[in-house]
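Undergrad: Here it is, the structure in full.
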Amino acid sequence: MKIILLGAPGAGKGTVAKLLTEYDGSVQISTGDILRAAVKQGSELGTKAKDYMDRGDLVPDSLIMQIMEARLQEPDCQNGFILDGFPRTIPQAQELKELLIKLGIKMNFVANLDVPRDVILDRLTTRRTCSNSSCQEIYNVKSNPPAEGGKCKKCGSPVIQRADETEEAITNRLETYNNKTAPLIGFYEKEGLLKNFLSLSSKDTVEEIKKALKG
Ligand code: AP5
(Lines give C-alpha, C1' and ligand atoms only; values in the text may rest on other atoms or scores of the structure.)
Protein backbone atom coordinates (compact mmCIF):
# COMPACT_ATOMS: atom_id res chain seq x y z
CA MET A 1 0.00 0.00 0.00
CA LYS A 2 0.99 3.61 -0.45
CA ILE A 3 -1.04 5.78 1.89
CA ILE A 4 -0.81 8.95 3.96
CA LEU A 5 -2.23 9.01 7.51
CA LEU A 6 -3.56 12.44 8.40
CA GLY A 7 -4.84 13.39 11.86
CA ALA A 8 -4.33 15.56 14.93
CA PRO A 9 -1.66 14.71 17.51
CA GLY A 10 -2.98 11.70 19.43
CA ALA A 11 -5.43 10.67 16.70
CA GLY A 12 -3.69 7.29 16.61
CA LYS A 13 -1.60 7.63 13.42
CA GLY A 14 1.38 5.80 14.92
CA THR A 15 -0.77 3.02 16.40
CA VAL A 16 -2.70 2.46 13.15
CA ALA A 17 0.50 2.64 11.03
CA LYS A 18 2.24 -0.02 13.14
CA LEU A 19 -0.79 -2.37 12.81
CA LEU A 20 -0.92 -1.78 9.03
CA THR A 21 2.74 -2.80 8.56
CA GLU A 22 1.72 -6.31 9.67
CA TYR A 23 -0.78 -6.50 6.78
CA ASP A 24 1.40 -6.44 3.66
CA GLY A 25 4.97 -5.60 4.65
CA SER A 26 4.67 -1.91 3.86
CA VAL A 27 7.00 0.23 5.98
CA GLN A 28 5.89 2.91 8.44
CA ILE A 29 7.63 6.22 7.81
CA SER A 30 7.05 8.49 10.81
CA THR A 31 8.79 11.85 10.58
CA GLY A 32 8.23 12.22 14.35
CA ASP A 33 10.05 8.91 15.05
CA ILE A 34 12.90 9.85 12.66
CA LEU A 35 13.30 13.23 14.39
CA ARG A 36 13.11 11.79 17.94
CA ALA A 37 15.79 9.21 17.02
CA ALA A 38 17.99 12.04 15.64
CA VAL A 39 17.53 14.05 18.88
CA LYS A 40 18.49 11.02 20.96
CA GLN A 41 21.60 10.40 18.85
CA GLY A 42 22.54 14.09 19.08
CA SER A 43 23.03 14.30 15.29
CA GLU A 44 23.08 17.60 13.39
CA LEU A 45 19.44 17.03 12.38
CA GLY A 46 18.50 16.31 15.99
CA THR A 47 20.22 19.46 17.25
CA LYS A 48 18.35 21.57 14.69
CA ALA A 49 14.98 19.92 15.42
CA LYS A 50 14.99 19.59 19.24
CA ASP A 51 13.79 23.06 20.32
CA TYR A 52 10.95 23.14 17.77
CA MET A 53 9.78 19.69 18.88
CA ASP A 54 9.94 20.36 22.63
CA ARG A 55 7.80 23.49 22.17
CA GLY A 56 5.30 21.60 20.00
CA ASP A 57 6.15 23.70 16.91
CA LEU A 58 6.73 22.24 13.45
CA VAL A 59 10.30 21.68 12.25
CA PRO A 60 11.07 23.80 9.10
CA ASP A 61 9.67 22.36 5.84
CA SER A 62 13.12 22.35 4.17
CA LEU A 63 14.57 19.96 6.79
CA ILE A 64 11.60 17.59 6.51
CA MET A 65 11.71 17.56 2.71
CA GLN A 66 15.43 16.67 2.73
CA ILE A 67 14.71 13.70 5.02
CA MET A 68 11.71 12.52 3.02
CA GLU A 69 13.24 12.85 -0.44
CA ALA A 70 16.03 10.49 0.65
CA ARG A 71 13.79 8.16 2.69
CA LEU A 72 11.27 7.54 -0.11
CA GLN A 73 14.07 6.34 -2.38
CA GLU A 74 15.33 3.66 0.03
CA PRO A 75 14.78 0.08 -1.23
CA ASP A 76 12.34 -0.94 1.53
CA CYS A 77 9.80 1.61 0.20
CA GLN A 78 9.32 -0.40 -2.97
CA ASN A 79 6.93 -2.82 -1.21
CA GLY A 80 4.81 0.10 -0.05
CA PHE A 81 4.80 2.70 2.71
CA ILE A 82 2.56 4.38 5.26
CA LEU A 83 3.36 8.06 5.77
CA ASP A 84 2.72 8.96 9.43
CA GLY A 85 2.98 12.65 10.31
CA PHE A 86 4.01 13.79 6.82
CA PRO A 87 3.02 15.96 5.03
CA ARG A 88 2.11 18.42 7.75
CA THR A 89 1.80 21.75 5.87
CA ILE A 90 0.49 22.83 2.45
CA PRO A 91 4.06 23.51 1.16
CA GLN A 92 5.10 19.96 2.24
CA ALA A 93 2.04 18.50 0.46
CA GLN A 94 2.83 20.44 -2.73
CA GLU A 95 6.49 19.36 -2.66
CA LEU A 96 5.48 15.76 -1.96
CA LYS A 97 3.14 15.83 -4.96
CA GLU A 98 6.02 16.91 -7.22
CA LEU A 99 8.41 14.38 -5.67
CA LEU A 100 5.96 11.51 -6.22
CA ILE A 101 5.52 12.51 -9.87
CA LYS A 102 9.34 12.59 -10.24
CA LEU A 103 9.68 9.13 -8.65
CA GLY A 104 6.71 7.70 -10.62
CA ILE A 105 4.81 6.79 -7.44
CA LYS A 106 1.00 6.79 -7.24
CA MET A 107 -0.67 6.96 -3.80
CA ASN A 108 -3.74 4.81 -3.00
CA PHE A 109 -5.36 7.45 -0.80
CA VAL A 110 -5.05 9.78 2.19
CA ALA A 111 -6.71 8.41 5.35
CA ASN A 112 -7.92 11.18 7.63
CA LEU A 113 -8.28 9.85 11.20
CA ASP A 114 -11.06 11.82 12.85
CA VAL A 115 -11.13 11.76 16.68
CA PRO A 116 -13.03 14.09 19.09
CA ARG A 117 -10.81 16.59 20.95
CA ASP A 118 -11.60 15.31 24.48
CA VAL A 119 -10.54 11.78 23.45
CA ILE A 120 -7.30 13.20 21.97
CA LEU A 121 -6.40 15.09 25.14
CA ASP A 122 -6.99 12.00 27.25
CA ARG A 123 -4.87 9.83 24.93
CA LEU A 124 -1.93 12.26 24.85
CA THR A 125 -1.65 12.60 28.61
CA THR A 126 -1.79 8.81 29.10
CA ARG A 127 0.53 7.79 26.22
CA ARG A 128 3.92 6.23 26.94
CA THR A 129 6.60 5.46 24.33
CA CYS A 130 9.51 3.00 24.28
CA SER A 131 12.76 4.93 24.85
CA ASN A 132 14.71 2.70 22.44
CA SER A 133 14.96 4.83 19.27
CA SER A 134 14.91 1.81 16.97
CA CYS A 135 11.71 0.49 18.64
CA GLN A 136 9.52 3.46 19.75
CA GLU A 137 6.58 1.12 20.50
CA ILE A 138 3.50 3.07 21.66
CA TYR A 139 1.67 2.29 24.92
CA ASN A 140 -1.17 3.81 26.89
CA VAL A 141 -1.46 3.54 30.66
CA LYS A 142 -5.23 3.02 30.30
CA SER A 143 -5.81 1.06 27.09
CA ASN A 144 -2.47 -0.69 26.43
CA PRO A 145 -0.07 -0.59 29.40
CA PRO A 146 3.61 -1.59 29.13
CA ALA A 147 5.07 -4.66 30.93
CA GLU A 148 5.68 -4.64 34.69
CA GLY A 149 8.17 -2.05 35.87
CA GLY A 150 7.33 0.18 32.89
CA LYS A 151 9.34 -1.90 30.39
CA CYS A 152 8.65 -2.29 26.66
CA LYS A 153 6.98 -5.63 25.84
CA LYS A 154 8.93 -5.84 22.56
CA CYS A 155 12.50 -4.90 23.53
CA GLY A 156 12.55 -4.54 27.33
CA SER A 157 13.74 -0.90 27.31
CA PRO A 158 12.19 1.62 29.74
CA VAL A 159 8.94 3.16 28.54
CA ILE A 160 8.80 6.96 28.99
CA GLN A 161 6.65 10.04 28.48
CA ARG A 162 7.76 12.12 25.45
CA ALA A 163 9.40 15.54 25.93
CA ASP A 164 6.50 17.19 24.04
CA GLU A 165 3.86 15.77 26.39
CA THR A 166 3.73 18.71 28.83
CA GLU A 167 0.34 20.45 28.99
CA GLU A 168 1.81 23.57 27.34
CA ALA A 169 3.39 21.65 24.45
CA ILE A 170 0.23 19.57 23.88
CA THR A 171 -1.90 22.75 23.68
CA ASN A 172 0.59 24.26 21.20
CA ARG A 173 0.68 21.07 19.08
CA LEU A 174 -3.12 21.05 18.81
CA GLU A 175 -3.16 24.73 17.81
CA THR A 176 -0.38 24.15 15.26
CA TYR A 177 -2.39 21.24 13.87
CA ASN A 178 -5.50 23.43 13.46
CA ASN A 179 -3.58 26.26 11.76
CA LYS A 180 -1.09 24.39 9.60
CA THR A 181 -2.13 20.75 9.12
CA ALA A 182 -5.95 20.73 9.09
CA PRO A 183 -5.96 22.68 5.75
CA LEU A 184 -4.50 19.51 4.17
CA ILE A 185 -7.96 17.91 4.47
CA GLY A 186 -9.29 20.38 1.88
CA PHE A 187 -6.12 20.04 -0.21
CA TYR A 188 -6.47 16.26 -0.54
CA GLU A 189 -10.24 16.47 -1.00
CA LYS A 190 -9.61 18.61 -4.09
CA GLU A 191 -6.99 16.12 -5.27
CA GLY A 192 -9.68 13.39 -5.02
CA LEU A 193 -7.52 11.37 -2.60
CA LEU A 194 -9.26 11.91 0.76
CA LYS A 195 -11.03 9.20 2.78
CA ASN A 196 -12.37 9.95 6.29
CA PHE A 197 -12.31 7.39 9.12
CA LEU A 198 -13.91 7.99 12.53
CA SER A 199 -11.03 6.50 14.49
CA LEU A 200 -12.19 5.46 17.95
CA SER A 201 -10.91 1.89 17.73
CA SER A 202 -7.53 1.49 16.00
CA LYS A 203 -8.31 -2.13 15.09
CA ASP A 204 -11.61 -1.15 13.41
CA THR A 205 -9.84 1.68 11.56
CA VAL A 206 -7.21 -0.74 10.29
CA GLU A 207 -9.94 -3.10 9.02
CA GLU A 208 -11.70 -0.21 7.26
CA ILE A 209 -8.45 0.95 5.65
CA LYS A 210 -7.78 -2.61 4.43
CA LYS A 211 -11.31 -2.74 2.96
CA ALA A 212 -10.78 0.60 1.22
CA LEU A 213 -7.49 -0.68 -0.25
CA LYS A 214 -9.27 -3.73 -1.71
CA GLY A 215 -12.30 -1.83 -2.97
P1 AP5 B 1 4.73 13.24 15.70
O2 AP5 B 1 5.49 12.19 16.38
O3 AP5 B 1 4.25 13.01 14.31
O4 AP5 B 1 3.55 13.65 16.67
P5 AP5 B 1 2.01 13.97 16.40
O6 AP5 B 1 1.49 14.19 15.04
O7 AP5 B 1 1.79 15.07 17.37
O8 AP5 B 1 1.34 12.66 16.63
P9 AP5 B 1 1.48 11.78 17.85
O10 AP5 B 1 2.67 10.88 17.71
O11 AP5 B 1 1.43 12.64 19.10
O12 AP5 B 1 0.12 10.99 17.85
P13 AP5 B 1 -0.42 9.80 16.94
O14 AP5 B 1 -1.54 10.30 16.10
O15 AP5 B 1 0.68 9.04 16.28
O16 AP5 B 1 -1.08 8.93 18.09
P17 AP5 B 1 -0.61 7.57 18.78
O18 AP5 B 1 -0.80 6.40 17.87
O19 AP5 B 1 0.73 7.73 19.44
O20 AP5 B 1 5.56 14.62 15.66
C21 AP5 B 1 6.24 15.12 16.80
C22 AP5 B 1 6.92 16.44 16.45
O23 AP5 B 1 7.89 16.25 15.40
C24 AP5 B 1 5.98 17.55 15.90
O25 AP5 B 1 5.36 18.28 16.93
C26 AP5 B 1 6.97 18.39 15.08
O27 AP5 B 1 7.75 19.23 15.90
C28 AP5 B 1 7.90 17.33 14.47
N29 AP5 B 1 7.43 16.87 13.13
C30 AP5 B 1 7.06 15.60 12.82
N31 AP5 B 1 6.70 15.53 11.51
C32 AP5 B 1 6.85 16.77 11.00
C33 AP5 B 1 6.61 17.34 9.72
N34 AP5 B 1 6.15 16.60 8.70
N35 AP5 B 1 6.85 18.67 9.54
C36 AP5 B 1 7.32 19.44 10.56
N37 AP5 B 1 7.57 18.95 11.81
C38 AP5 B 1 7.33 17.63 12.02
O39 AP5 B 1 -1.75 7.45 19.90
C40 AP5 B 1 -1.79 8.34 20.99
C41 AP5 B 1 -2.13 7.58 22.27
O42 AP5 B 1 -3.46 7.10 22.20
C43 AP5 B 1 -1.27 6.34 22.54
O44 AP5 B 1 -1.09 6.20 23.92
C45 AP5 B 1 -2.10 5.18 22.01
O46 AP5 B 1 -1.82 3.97 22.69
C47 AP5 B 1 -3.51 5.69 22.30
N48 AP5 B 1 -4.47 5.25 21.33
C49 AP5 B 1 -4.37 5.35 19.99
N50 AP5 B 1 -5.46 4.85 19.41
C51 AP5 B 1 -6.28 4.46 20.43
C52 AP5 B 1 -7.57 3.89 20.49
N53 AP5 B 1 -8.26 3.62 19.39
N54 AP5 B 1 -8.11 3.62 21.69
C55 AP5 B 1 -7.45 3.89 22.84
N56 AP5 B 1 -6.20 4.42 22.86
C57 AP5 B 1 -5.64 4.71 21.66
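The values are calculated or read from the model by the stated rules, or taken from the named source; none is laboratory data. Keep in mind that what you see is a predicted model, and the values were worked out from it rather than measured. Positions of Cβ are generated from backbone atoms using ideal geometry, with glycine treated the same way; all protein chains shown enter the neighbour counts. For accessibility, only protein heavy atoms count, side chains too; no ligands or nucleic acids. Shrake-Rupley method; radii C 1.70, N 1.55, O 1.52, S 1.80 Å.
Undergrad: Figure the gain on full extension for ILE185 and TYR52 (residue separation times 0.36 nm, minus the Cα-Cα span) and round it to one decimal in nm.
TA: Working: separation 133, 0.36 × 133 = 47.88 nm, distance 2.37 nm.
Taking 0.36 nm per residue and subtracting the Cα distance, the gain is 45.5 nm.
Undergrad: Now for a separate question. How far, in nm, would the chain grow between GLU207 and THR21 when pulled straight, counting 0.36 nm per residue and subtracting the alpha carbon separation?
TA: 65.7 nm
Undergrad: Pulled fully out, how much extra length does the chain show between ASP61 and GLN94, if you take 0.36 nm times their separation in residues and subtract their Cα-Cα distance?
TA: Details: separation 33, 0.36 × 33 = 11.88 nm, distance 1.11 nm.
Using 0.36 nm per residue and subtracting the Cα-Cα distance, I get 10.8 nm.
Undergrad: Right, here's the next one. Report the antiparallel proportion of the DSSP beta bridges in segment 1-150 as a percent, rounded to a multiple of 5. Kindly include the intermediate steps, with their values, before the conclusion.
TA: Details: 4 of 16 bridges.
Antiparallel: roughly 25 percent of the beta bridges in segment 1-150.
Undergrad: Under a point-charge model restricted to the Cβ atoms of Lys and Arg (+1) and Asp and Glu (-1), what is the dipole moment magnitude of segment 13-140 relative to its Cα centre, in debye to the nearest 20? Don't jump to the answer; show the numbers that get you there.
TA: Numbers: 16 positive and 18 negative charges, 36 e Å.
Computed charge dipole of segment 13-140: roughly 180 debye.
Undergrad: How high is the relative contact order of the chain, in percent, counting Cα pairs under 8 Å that sit 6 or more residues apart?
TA: Working: 302 pairs, mean separation 66.2, N = 215.
Result for the chain is 31 percent.
Undergrad: Another question, if that's okay. Which pairs break 21 Å Cα to Cα here: LYS106/LYS190; LYS18/LYS142; LYS50/LYS154; LYS142/LYS180? The partial results should precede the final answer.
TA: Working: LYS106/LYS190 16 Å; LYS18/LYS142 19 Å; LYS50/LYS154 26 Å; LYS142/LYS180 30 Å.
Over 21 Å apart, Cα to Cα: LYS50/LYS154; LYS142/LYS180.
Undergrad: Moving on to the next point. Just tell me which aspartates and glutamates come within less than 14 Å, Cα to Cα, of LYS151; anything on the same chain fewer than 8 places away is out.
TA: In chain and number order, the partners are GLU137.
Undergrad: Compute the projected area of the convex hull of the Cα atoms of segment 164-215, averaged over all viewing directions, and report it in nm² to one decimal place.
TA: Working: hull surface 19.6 nm².
Taking a quarter of the hull surface, the average projection is 4.9 nm².
Undergrad: Further question on the same structure: What per residue convex hull volume, in Å³, comes out for segment 1-75 when only alpha-carbon positions are used?
TA: On the way: hull volume 8.3 nm³, N = 75.
Taking the convex hull of the Cα positions in segment 1-75, it is 111 Å³ per residue.
Undergrad: Quick one: which of 106-112, 11-17 comes out on top by average Cβ neighbours within 10 Å, and what's the full order, highest first? Present the calculation step by step, with values, prior to reporting the outcome.
TA: Working: 106-112: 18.4, 11-17: 24.4.
Ranking, from highest mean packing down: 11-17, 106-112.
Undergrad: If you don't mind, there's one more thing I want to ask. At 10 °C and a viscosity of 1.306 mPa s, what translational diffusion coefficient does Stokes-Einstein give for the chain, taking Rh as the Kirkwood radius over Cα pairs? Give it in µm²/s as a whole number. It would help to have the intermediate numbers written out before the result.
TA: On the way: Rh = 17.6 Å.
Answer, rounded: 90 µm²/s.
Undergrad: For segment 47-160, report the accessible area per residue in Å² (1.4 Å probe, heavy atoms, rounded to an integer).
TA: Numbers: 5950 Å² over 114 residues.
Using a 1.4 Å probe on heavy atoms only, each residue of segment 47-160 averages 52 Å².
Undergrad: Quick check on packing: order 58-66, 93-101, 120-128 by the mean number of other C-beta atoms within 10 Å, highest mean leading.
TA: 120-128, 58-66, 93-101
Undergrad: Once R0 is set to 22 Å, what does the formula 1/(1 + (r/R0)^6) return for the Cβ-Cβ distance between LEU198 and LYS106, expressed as a FRET efficiency to the nearest 0.05?
TA: Details: r = 27 Å, r/R0 = 1.20.
FRET efficiency, LEU198 to LYS106: 0.25.
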